[in-house]
Amino acid sequence: MKTDNYPNMSPALIEFNHIYKDFNDIYHDLAIKLNMSDSIFDIFYYLCEAGDGCMQRDICRSSCLPKQTVNSSIRKLEQQGYLTLTPGKGRGMYIYLTETGKQFVSEKIYPVIEMENNAFSSLKNEECELMLKLYRKYNSALRKELSKL
């Protein structure tokens, strides 16, 4: 419903929103195919990026998931034998993959990373650099606009 009281969405914003939602759907569908929740996929994925010994707060920052979601997912993965936790400073815990976790990541997450790398390699270097530059610029501008709230 469009009225004079509401701003019109630009065609570019509408298309960007569709692309963004499609991007999220791709990863949601992937998690379902791999028989895991989005949060568990994100945790395993981040462990591939950061390596063993990262902390729960690092996963929260990287994935933008709430602390409670990450904590409950990590506890579940620990109970299932995929992770072990080692105390850090204060209440922080270091997260490590078990042998079972390493095997799981090798079978389920590494192939995804390989496919993502293949998808990126379909772009020319200049296209990839431009896409990343524009995403950073848009995120920065959006943060600046939203800080006015």
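Report, in deg cm²/dmol and to the nearest 500, the calculated mean residue ellipticity at 222 nm for the chain, where each DSSP H run with n ≥ 4 adds -39500 (n - 2.57) and the sum is divided by the residue count.
One gets -23000 deg cm²/dmol as the mean residue ellipticity at 222 nm.
If you count, for each residue, the other Cβ atoms within 10 Å and average over each peptide, how do 108-116, 8-16, 73-81 line up from highest to lowest?
73-81, 108-116, 8-16
Say the cut-off is 22 Å between C-alpha atoms; which of Lys102/Lys124; Lys21/Lys133; Lys33/Lys76 go over it?
Table pairs above 22 Å Cα-Cα are Lys102/Lys124.
For the chain, how big is the tail of P(r) above 21 Å, as a whole percent of Cα pairs?
The share of Cα pairs beyond 21 Å in the chain comes to 57 percent.
Picking from Gly53, Ser122, Ala12, whose Cα lies most toward the positive end of the charge dipole for the chain (charges on Cβ: Lys, Arg +1; Asp, Glu -1)?
In the chain, that residue is Gly53.
From the phi angles alone, apply the Karplus equation (6.51, -1.76, 1.60; θ = phi - 60°) to region 10-18 and give each ³J(HN,Hα) in whole Hz, x where the residue is Gly or Pro.
Each residue of region 10-18 in turn: 5, x, 5, 5, 4, 5, 4, 4, 5 Hz.
Going by amide H atoms built from the backbone, whose H comes under 5 Å of the H on Cys54, apart from near neighbours?
Close amide H contacts, sequence-distant or interchain: Ile95.
Please identify, among Asn125, Asn17, Asn139, the residue showing maximal mean-square fluctuation in a Gaussian network model of the chain using a 10 angstrom Cα cutoff.
Asn139
If I build a Gaussian network model for the chain, linking alpha-carbon pairs within less than 10 angstrom, which residue out of Lys137, Lys67, Lys89 has the largest mean-square fluctuation?
Checking each option, the largest mean-square fluctuation is seen for Lys137.
Enumerate the calculated ³J(HN,Hα) couplings along region 37-48 in order (Karplus 6.51 cos²θ - 1.76 cosθ + 1.60, θ = phi - 60°), each rounded to whole Hz, writing x wherever the residue is Gly or Pro.
Result, ordered by residue: 6, 4, 5, 5, 4, 4, 5, 4, 4, 5, 4, 5 Hz.
In the P(r) worked out for region 99-149, what percent of Cα pairs fall beyond 15 Å?
Tail of the P(r) past 15 Å holds 66 percent of the pairs.
Hey, what do the phi angles of region 125-138 turn into as Karplus ³J(HN,Hα) couplings, whole Hz, using 6.51/-1.76/1.60 and θ = phi - 60°, x for Gly and Pro?
Result, rounded to whole Hz: 3, 5, 5, 4, 4, 5, 4, 5, 4, 5, 4, 4, 5, 5.
All of the numbers you see were taken from the coordinates with simple rules; none came from a lab. Given the structure is predicted, the values throughout are model-derived calculations rather than measurements. As a convention, Cβ positions derive from the backbone with ideal geometry for all residues, glycine included, and neighbour counts pool all protein chains shown.
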